Amino acid sequence: MSTESLVNKEAFAPEEPHDFGERWRVGALLLILADAAFVAALSFSFLYLRALDTQGSFHPGGTGVATLWWPWTVSAVMVLSALAYWTQLRGSFANGVAVSVAGMAVALVLTIVQMYQFPFTVSDNAYSAAVWIITAANVFHLALTVFLGLGIAIRRQRGANRGARDWHVRIVGIWYTWVCVAAFVGTLTISVANGTVGCPLAKDQPDPGARSVPSSSCSSSAR
Amino acid sequence: MTTADIYKTDPSPVAPHGGIMRRLNVGTGIIAGIVLAVVANVLAKKLADGHTHEPDVRAVFTMFGWAVGFLLGMGAFTGPFRWLVGRDLTHADELFLAGKDQGVGRYFRFTTDHKVVGIQYLVLVMVMLGAGGSMAMLIRTDLISPNSGFLGPQTYNSLVGLHGLTMILATIIMVTGPFGNFVVPLMIGARDMAFPRLNALSFWLLVAMLPILYSAAFLGGIPMGWVGYTPIADQGPPGVDAYMMAILVFAVSTAVAGMNITTTIVTMRARGMTWTRTPIFVYGVLASVVLALPAFPFFMAAELLLFVDRVMGGGFYVPNRGGQPWLYQNLFWLMGHPEVYVILIPAVTALMELTAVFARKPLFSFRIAVLSIIAIVGLSATVWAHHMFASGWAPDLNGPFMLTTEMISIPTGGLFLVILGTIWRGRIWTAFPMMCTYAMLWNFIIGGITGIYLSDVPLDYQLHGSMFVTAHFHYTLMGAGLTGAMGALGYWFPKMTGRMLGNTPAFVSFWLVQIGFNVTFLGMFMVGLQGQPRRVVHYDASFHTGNTISTLGAYCIGIGMLVLLYDVISSWRHGDLAPMNPWGAKTLEWTVPNPIPLENFAVLPVVTEDAYGYGEEPVPESEPEPVPASAGAEADVPGAPA
Ligand SMILES: [Cu+2]
C-alpha cells in the first residue's frame, strides 16, 4: 500500500494550514482550561483554609508574612514580557520575542530568590505552606514559559516557523497571556490572605496566641 | 510539487535525523527509568539525610526519577526537544513514529498511530482489571468467614485500597482508552488523533505509573483506602507516597488524553458530520473527557498539597497547623463524583450505539440522549458533597446537595429510556454485546435506585460507611460500567483485531459473570443493611451467611472473567476472520477494510445522513458473510431476557 505520501499527518489533503493551526489552538486552550482548574483549586484551598482558620492556627503568629511587593513585581515583569511578545507579533517591536524570553527568565529567577527569602519555612503553618505552593506553581509556569519562548526565539532564528507552524508563535502568545493571568490570581490570593492574617477571630473564640503581625485591614478596635 | 512543499512542514531538506530515536523502545525506557531512579534516590539521601521526612523524600525522588527516566528512554521528549532547537521531526520521522512497516515491534515503542495506542490501552486495561480482580478474590476469600485469618489487618487494608484504586483507574480509561482511541477517529472519519505524539504520551505515562502504584505494596501499603483520606494519608507509611505520585502521573495522562480526544472530536469530524449526525458514542466519549479535563486537576491539587505535607512538613491537612481534612474531602470529591460519570457515560453510550445496531432501529430520541448527557455533565459538578453528609462539613448544605443528587437521576433515567425505546419492537439480534445491554439495564437500575437511597440525608447517616455503599457503587461501576465496556469489546473486537470474538465462551462468561455479580452484591446489600461496616477485616458472626454468599458469587465472577480472558486471547490468535462489517452497522468505522490501513481512509469520507438509518431499507443482516462463530446467535428473540 502506497501510504508514503499519506502518512505524514500534515500532508493529509484537503486540510489547509489554517485547519492545523485552529486545531492546535483548540488543544492549547483545553490544556489551559485544565491548568486553570488547577490554579483555581490552589487558590480555593488557600482561601478556604484561611476562612476556617482551624484551631486558630492558620497563621497564629510567631512567623512573618510574605512581602507583597515581590509577587506583584514578578507579575508586572511577566505582564511586560507578554506585552513585548505580542507587540512583536503585531509587528511593531523587532526584538520583542527575545526581550520577552529574557523578561520571563528574570521573573523566574526573581520568584526562586523570593522563595529563599520567605520570612517563614514551608512547614510553619497552613499559611506558609499555601504561600509556598502558590509561588512554586508560578515557578513551574515560568519554567514552561521560558522553554516555550526560547523555542519560538530559536525557531524564528532558524526559520522553522513556516507554513502551519507559524501558528505556534500565536499559540505560545496565548500561553504567555495565560501565565500572566495565573500569576495575577496567585498574587491576588496571597494579598487577600495577607490582608487578613493576624485578625482576631470571633469574640467567643479564644485567642490562640500572640499575633505578631497585625494587619492593616484589621480594625484596631476589634483587636 | 508535493503536499509537503505546499504546507512547508518539512523544514529540513537534509537526510533525516533522529538515529537514536529509532533505537528507543520499552527496553531502553525501563533501563533509563531504573538508572534515573537510582540516581534520584542517591541524590535524595544526600539531600535529606537524617531529616524527619527522609523516607518520603527518597520515595518521591525515586518515583519521579523512574517516571522521567522511563519517558526519556521511550523517546517521549524527542519531539519537544527537536521543536525547541527548531529541527522539527521530518516526514520520515513521522512515518517511523506512526509505526509504518514495523510489525509487532510498534506496540513496544512510542508509536503514534491511534490504532496501536488503542490496542495498547486495551491490553493495559485488561492487565489492570486482572490485577484488581485478583485482589478482589483475595479480599473475598478473607471475608468468607468472620475471622478467617487469611489476611492480616494491615494487608487487608492495603489490598482494599489498592483494589479500589486499581479498579477506579482502570474503569476511568476502560472505554475512552481502548475504544476512544481506536474507534472514535475511525467513527468520525479522521486519519488519526489531533495530537498523535501526545496520544502516545498519555498511554506511556500510564505504563510509567503502574510500577509506582504497586510499589505501595512494598512500602507499607496504603492504609487509607482508595480515597486517600487525610489525616491518615498524612501519617501513613511511604506507601502513601506511591499513591500520591501515581495520581500525579495519572492526572497528567488524563489531561493530555482528554485534551487530545476533545480536540479530535471537535475539529476533525468528516465533512458533513454535523453534530446531529455524530454517533452517540462519540458524544459519550467527548462528555467523559470534557468532564475529566477540569475535574482531575482538583485531585492533582489535593495530592500536591499532600506532597507538601508529607515531604516538606506542610500543614494543609494538619489541624494543629491550621490545616483541615475537609479541604482534602472537598478537593477529592470535586473530582470524585464527576469521575463516576466519566466512567459511566462512555460505557452506556457504547451500549446505545450497539443497541441501535442489534435492534436494527434508529436510536430512540437521539436528542433526549444528547440532552441527558449534557445535563449529567452539568449537574455532576454540583453534587460532590453527598459523599460528605456524615463528615460534619456544612450541614446546612446537606439539603441542597440531596436535591441536586436526586435531580441527576432524571437525565440518567433519560439514558435508560433511550435504550428501552430503541429495544422496543426492534428485531433484536441477541449477540453477546446485546446481552450486555440487557445486563446493564438490570444492574444499573439497582445501582441507580440504591444511589437515590444514599443521596437521602437521614438514610445516608444510617448507611454511610457500610457494605451497602460498597454494593451500590459496584452495581454502578461494575454492573453498568464494566458490563458496558465488555459489550463494547464484543462489538468492536472484529474491527480492532480482525477476528470474531468466540460466541459460545462469551455467552458462558456472560452468565457466569452476571449471575456471580448479582449474587455477590445482593448479598453485600443484605449485610450492609444489617450494619456491616466497610473496610473492616473481621466482622460479627451475624453477617456470616451473607458474606459467604458474596464470596461464592465472587468466585463465580472470577471464573467467568477467566473464561472471557481465554476467549479474547484465543479469538485474537486464531478466531474466525471477521468480515469488514459483521454486524451490518452504519457508522464509519465499519467502512474500512481489515486490517485497517495506516491512513484509515484512502479517501476521506463525506457524511450525508446520521448513522441510524435502520429500517429504511431491507435489513442488511444477510448482507455480510455469515460468520460461523456468531451464527448461533442470530435468532430473533424480541424482548429477550431483560
Ligand atoms: Cu457521588
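The values are calculated or read from the model by the stated rules, or taken from the named source; none is laboratory data. Note that this is a predicted model, so its numbers are computed, not measured. Cβ: placed from backbone, ideal geometry, glycine included. Neighbour counts: every protein chain shown. Only protein heavy atoms, including side chains, enter the accessible area calculation; ligands, DNA and RNA are left aside. Shrake-Rupley method; radii C 1.70, N 1.55, O 1.52, S 1.80 Å.
Points to keep in mind about this one:
- Scanning segment B:258-273 for residues that are open to solvent by less than 20 Å² (accessible area, probe 1.4 Å) and either assigned to a helix (DSSP H, G or I) or not assigned by TED's automatic domain parsing to the domain that holds B:Ala302 (or both) gives B:Gly258, B:Met259, B:Asn260, B:Ile261, B:Thr262, B:Thr263, B:Thr264, B:Ile265.
Each row is one residue, and each column tells you yes or no for (1) open to solvent by 20 Å² or more (accessible area, probe 1.4 Å); (2) at pLDDT 90 or above; (3) of a type in the set (Phe, Trp, Tyr); (4) not assigned by TED's automatic domain parsing to the domain that holds B:Leu210.
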site	(1), (2), (3), (4)
B:Ala59	no, yes, no, yes
B:Val68	yes, yes, no, yes
B:Gly130	yes, yes, no, no
B:Leu143	no, yes, no, no
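- Spans of helices (runs of 4 or more DSSP H) in segment A:1-101 with at least 1 residues modelled with pLDDT of 90 or more: A:17-52, A:69-90
- Candidates B:Ile376, B:Ile368 - the one that is more than 11 Å from the ligand (Cβ to nearest atom), assigned by TED's automatic domain parsing to the domain that holds B:Leu397 and within 30 Å of B:Leu304 (Cβ to Cβ): B:Ile376
- Residue in segment A:123-140 that is open to solvent by 20 Å² or more (accessible area, probe 1.4 Å) and over 15 Å from the mean Cα position of the chain (by Cα) present: yes
- In the condition set (1) small (Gly, Ala, Ser); (2) open to solvent by 30 Å² or more (accessible area, probe 1.4 Å); (3) away from chain B (no Cβ under 14 Å), A:Ala84 is compliant with all but (2).
- Segment A:54-69: number of residues that are within 10 Å of chain B (Cβ to nearest Cβ) and either open to solvent by 30 Å² or more (accessible area, probe 1.4 Å) or touching a Cys at 6+ places or on another chain (Cβ under 9 Å) (or both): 2
- Note on segment A:141-154: among residues that are small (Gly, Ala, Ser) and more than 9 Å from every other protein chain (Cβ to nearest Cβ), the one that is surrounded by the most Cβ atoms within 10 Å (Cβ to Cβ) is A:Gly149.
- Scan of segment B:293-350 for residues that are closer than 19 Å to B:Met388 by Cβ, within 7 Å of chain A (Cβ to nearest Cβ) and either within 16 Å of the ligand (Cβ to nearest atom) or open to solvent by 10 Å² or more (accessible area, probe 1.4 Å) (or both), ordered by number: B:Phe298, B:Pro319, B:Gln324, B:Leu331
- Among residues of segment B:315-372, those that are among the hydrophobic types (A, V, I, L, M, F, W, C) and closer than 20 Å to B:Ile247 by Cα, counted: 11
- Residue in segment B:430-438 that is touching a His at 6+ places or on another chain (Cβ under 9 Å) and in a helix (DSSP H, G or I) present: no
- Of all residues in segment B:379-392, those being part of a loop (DSSP other than H, G, I, E, B) and within 16 Å of the ligand (Cβ to nearest atom) number 2.
- Close Cβ contacts (under 6 Å, 6 or more residues apart or on different chains) running from residues in segment B:299-316 that are within 13 Å of A:Phe44 (Cβ to Cβ) to residues that are of a type in the set (Phe, Trp, Tyr) and open to solvent by less than 10 Å² (accessible area, probe 1.4 Å) comprise B:Ala302/B:Tyr328; B:Ala302/B:Phe332; B:Leu305/B:Phe316.
- Going through (1) exposed (fewer than 15 other Cβ atoms within 10 Å of the Cβ); (2) more than 16 Å from the ligand (Cβ to nearest atom); (3) among the aliphatic types (A, V, I, L, M) one by one, B:Leu403 falls short only on (2).
- A single member of B:Ile445, B:Ile419 is open to solvent by less than 10 Å² (accessible area, probe 1.4 Å), more than 16 Å from the ligand (Cβ to nearest atom), in a helix (DSSP H, G or I) and not hydroxyl-bearing (Ser, Thr, Tyr), and it is B:Ile419.
- Taken across segment A:94-108, residues that are polar (S, T, N, Q), more than 23 Å from B:Tyr317 (Cβ to Cβ) and touching a Gly at 6+ places or on another chain (Cβ under 7 Å) do occur, with at least one present.
- Pair list, Cβ under 9 Å, 6 or more apart: segment B:549-562 residue closer than 13 Å to B:Gly130 by Cβ and open to solvent by 10 Å² or more (accessible area, probe 1.4 Å), other residue in a helix (DSSP H, G or I) and among the charged types (D, E, K, R): B:Gly558/B:Arg140
- Residue within segment B:583-591 that is outside any loop (DSSP other than H, G, I, E, B) and either within 14 Å of chain A (Cβ to nearest Cβ) or more than 27 Å from B:Trp429 (Cβ to Cβ) (or both) present: no
- For segment B:593-605, the criterion of being outside any loop (DSSP other than H, G, I, E, B) and either modelled with pLDDT under 95 or surrounded by fewer than 19 Cβ atoms within 10 Å (Cβ to Cβ) (or both) is met by no residue.
- Residue within segment B:453-467 that is among the small types (Gly, Ala, Ser) and open to solvent by 10 Å² or more (accessible area, probe 1.4 Å) present: yes
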